[in-house]
Amino acid sequence: MKEWMKVHIVCPRDKEKLELLGESLICSGNHIYPVYDDIPIMLVDDVETTHDYINRTLEKVARSQKEIAEHEFPHSSDDCEIDKFVQGEVPYTSGNLYFSVQNKLTRYPIPECRLPQGNGKRLLDIGCNWGRWSIAAAKNGYQPIGIDPSLDAVLAARRVSEQLGVEANFIVGDARFLPFADDSFETVFSYGVFQHFSKENVRTSLDEVVRVLKRNGRTLFQMPNQYGIRQYQQHRRRGFTEGEGFDVRYWTPSELLKTFEEKFGETRMTADCYFGLGIQKSDVDLLPLQYRMIVYTSHVLRKFSEVFSPLIKVADSVYLESSNQKKS
């Protein structure tokens, strides 16, 4: 385990320091967290789960490590081969358009990071899954730590980052119980994650972000917009219900701004994409021709929204950017 991790990881329950004993991390309250193949499993197992990933991970780590190593997780990928986990997972991390390329990827869909140059700043990527945004952040000069409740995904993230020659670290954990000491990060980022949380769990997670983020540290979070062209149709089809489980939760622009300003201070909203969630211009070459017009049109509208701000209000996906103004 890297030295930074040893110093900054704490018990997600009581935030106490941890001691590494054998293959487990233990706090003074006797809370025990296993370490699998140098990856800490920092899940809280006695609370409501937000995704079946948590249950799957807890079941896996309950088995012997030998069984996991032999039957579950390859340790490396061929230099030219796209990781099998990523091939299967891509539509669930990148959006419905990517079902057309599931198990057919010819390269990794690494997005463009819309953060300024990192200059070595430590960045927390919440809900990193197979690591695409952590890798994008690393290429933009950050030192990323990716966290996700899925052990499968975190191991894939490590494999892919190693395959691409990118320095990034990963940990298994829950956004509601971040296993990091106060003021550990200069930047916190999340994409395609909080949109699936209940609004109560989003607010709980943002409180944890405030705690681990340094004063004046930057946040950038993607969220769905209830008034988006596509999202309004989806919400109406669902009968304007709140949703449950891993359903997308729909927020109005004013509700988003109010929530993030209450947590962090002044917040700026910008458009991410139109006609769906997760649409990335950097991936256009991977998609079939019939989807490329959607991607290009979304990109044009996003650029136009930079000069005509009312267009942001009908973006399907928006970014909330804040500077942490919590009291020191």
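Observations
- Projection of the Cα convex hull of segment 1-61, averaged over all directions and equal to a quarter of that hull's surface, yields 4.4 nm².
- Extreme residue, positive dipole direction of segment 230-323, given options Ser298, Val318, Pro253 (C-beta unit charges): Ser298
- Formal net charge of residues neighbouring Trp130 (Cβ-Cβ distance under 13 Å; K, R +1; D, E -1): -2
- In the chain, Rg over Rh equals 0.95, where Rg is the alpha-carbon radius of gyration and Rh the Kirkwood radius from pairwise Cα distances.
- Summarising the strand pairing of the chain, around 55 percent of its internal DSSP beta bridges are antiparallel.
- The shape of segment 164-289 comes out oblate: with a ≥ b ≥ c from the C-alpha gyration tensor, a/c is at least 1.5 while a/b does not beat b/c.
- Peptides 285-292, 51-58 ordered by packing proxy, namely the average of other Cβ atoms within 10 Å per residue, highest first: 51-58, 285-292.
- Among the cysteines of the chain, Cys80, Cys113, Cys128, Cys273 have no other cysteine beta carbon within less than 4.7 Å of their own.
- Of the GluC sites (Glu not before Pro) found in segment 1-62, those in coil by DSSP whose Cβ has at most 10 other Cβ atoms within 10 Å are Glu48.
- Adding -39500 (n - 2.57) for every DSSP H run of four residues or longer, then dividing by how many residues the chain holds, sets the calculated 222 nm ellipticity at -10000 deg cm²/dmol.
- What the phi angles of segment 203-219 give under the Karplus curve with 6.51, -1.76 and 1.60, with θ = phi - 60°, is a coupling list of 5, 4, 5, 5, 4, 5, 4, 4, 5, 7, 8, 5, 4, 6, x, 9, 10 Hz, glycine and proline written as x.
- Least to most buried among Thr49, Thr219, Thr267 (fewest other Cβ within 10 Å first): Thr49, Thr267, Thr219
- Cα-centred dipole magnitude for the chain, charges only on beta-carbon of K, R (+1) and D, E (-1), debye, nearest 20: 1260
Taken together, the values in this text are just the output of simple stated rules run on the coordinates, not laboratory data. Owing to the predicted nature of the structure, the values given are computational and were not obtained by experimental measurement. No Cβ is skipped: glycine too gets one built from the backbone with ideal geometry, and neighbour counts run over all protein chains shown.
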